[in-house]
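The values are calculated or read from the model by the stated rules, or taken from the named source; none is laboratory data. The model shown is predicted, which means the values in this text are computed figures rather than measured ones. Here the Cβ positions follow ideal geometry from the backbone for every residue, glycine too, while neighbour counts run over all protein chains shown. Heads up: the accessible areas ignore ligands, DNA and RNA and are worked out on the full protein's heavy atoms, side chains in. Shrake-Rupley method; radii C 1.70, N 1.55, O 1.52, S 1.80 Å.
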Amino acid sequence: MSSEENIQQAADRLWQAWQAGETTAPIRDLLDEGDVAAAYAVQEINTRRWLGGEERQLSGRKIGLTSKAVQKQLGVGQPDYGMLFADMEVMDGEEIAFSRVMQPKVEAEIAYVIAAPLTGGFITMVDLMASIGYVVPAIEVVGSRVANWDIRITDTIADNASSGLYVLGQSPKRVGDFDQRMCGMVMFRNNQPVSVGAGAACMGSPLNAALWLARTMAKAGRALGPGDVILSGALGPMQPAAPGDVFEARINGLGSVRAAFSKD
């Protein structure tokens with residue numbers, strides 16, 4: 001098991017990178033190979049720092065690495081989770097300063113907004129579906145504090161699952177209004193298609209991913225509750241962003257959402 005001293009050092013390294021707006025070396029040299037529990041301990045240290053300073057508040061959770069295509073891109077084989085903070089939210093089409101996210105990449109997702117608490121010893125799919133207030137399309141702008149995206153599973157987990165920003169669509173649907181599994185997705189960059197996928201690419205269904213997250217959060221002591229956003233995971237391969245890029249994700253039956261980057 002990774003030592004508490006090394007876990008703290010890893011947390012400090014990432015915290016300093018966040019504060020300075022500069023990338024850092026991977027932190028996996030400080031943790032035992034594949035020590036996922038230690039990586040989440042690093043994430044939790046910095047989550048408490050953000051919340052303790054009263055400068056951020058939780059707005060939800062994200063699940064990452066649900067798409068086989070994204071797992072292949074990053075060389076990992078399991079999902080992970082991270083915290084969403086209110087200051088990460090960007091309005092649909094609002095210009096994003098390119099420097100706001102380190103090494104930004106973009107992916108299209110389905111977002112669930114929770115209306116009832118998801119607590120208890122064992123959360124079922126019925127519990128999850130009953131708790132969802134509405135569904136919207138989403139774009140997640142992921143970023144990495146680790147230089148050159150040189151990450152393994154412990155690096156990305158410790159780095160808050162490579163969280164950056166998120167954009168929610170503004171035409172909410174009920175969970176039964178469209179086929180979560182078979183809905184197709186196309187993401188455009190500057191009006192050119194760059195990523196395609198479907199709900200089934202996300203752990204067989206985005207609802208499966210959301211259920212995994214709800215159960216995991218309940219066990220971790222950060223259960224989902226009313227108003228929380230769930231970013232359920234990428235429906236297709238993520239794409240790098242460049243200054244001036246405009247992304248639009250269209251999901252069948254759910255609508256569209258845009259993310260626009262400044263030119264400098």
* **Inter-residue pairs, beta-carbon under 6 Å, first within 17 Å of VAL101 (Cβ to Cβ) and in the range 15-27, second open to solvent by 50 Å² or more (accessible area, probe 1.4 Å), 6+ apart** => THR24/ARG13
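Return yes when ASP228 is in contact (Cβ under 8 Å) with a residue 60 or more places away in the chain, among the acidic types (Asp, Glu), over 30 Å from ARG48 (Cα atoms) and open to solvent by 10 Å² or more (accessible area, probe 1.4 Å) and no when it is not.
On the way: in contact (Cβ under 8 Å) with a residue 60 or more places away in the chain: yes; among the acidic types (Asp, Glu): yes; over 30 Å from ARG48 (Cα atoms): no; open to solvent by 10 Å² or more (accessible area, probe 1.4 Å): yes.
No: the conditions fail for ASP228.
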* Asked: For the range 102-119, which residues satisfy the criterion of being outside any strand (DSSP E or B) and within 14 Å of ILE139 (Cα to Cα)?
  -> PRO104
* To do: Kindly list the number of the only condition in (1) modelled with pLDDT of 95 or more; (2) surrounded by 24 or more Cβ atoms within 10 Å (Cβ to Cβ) that fails for THR154.
  => (1)
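One line per residue, one yes/no per condition, for (1) among the β-branched types (Val, Ile, Thr); (2) open to solvent by 20 Å² or more (accessible area, probe 1.4 Å):
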{"residue": "PRO26", "(1), (2)": "no, yes"}
{"residue": "LEU30", "(1), (2)": "no, yes"}
{"residue": "GLY34", "(1), (2)": "no, yes"}
{"residue": "THR47", "(1), (2)": "yes, no"}
{"residue": "LYS62", "(1), (2)": "no, no"}
{"residue": "GLU89", "(1), (2)": "no, yes"}
{"residue": "GLU109", "(1), (2)": "no, no"}
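Right, ILE45: in a loop (DSSP other than H, G, I, E, B) and over 16 Å from ILE151 (Cβ atoms) or not? Step through it out loud before you land on a result.
Working: in a loop (DSSP other than H, G, I, E, B): no; over 16 Å from ILE151 (Cβ atoms): yes.
The answer is no for ILE45.
Could you list all residues from the range 127-149 that are touching a Gly at 6+ places or on another chain (Cβ under 7 Å) and crowded, with 24+ Cβ neighbours inside 10 Å? Spell out the reasoning first.
At the first step, the residues of the range 127-149 found to be touching a Gly at 6+ places or on another chain (Cβ under 7 Å) are 136-138, 141-143.
Of everything in the range 127-149, those that are touching a Gly at 6+ places or on another chain (Cβ under 7 Å) and crowded, with 24+ Cβ neighbours inside 10 Å turn out to be PRO137, ALA138, VAL142.
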* **Cβ pairs under 6 Å, 6+ apart, first in the range 118-147 and modelled with pLDDT under 95, second not aromatic (Phe, Trp, Tyr)** => THR119/ALA218; THR119/ALA223
* Structure fact -> Among the residues of the range 158-207, the number that are of a type in the set (Asp, Glu) and buried (at least 16 other Cβ atoms within 10 Å of the Cβ) is 1
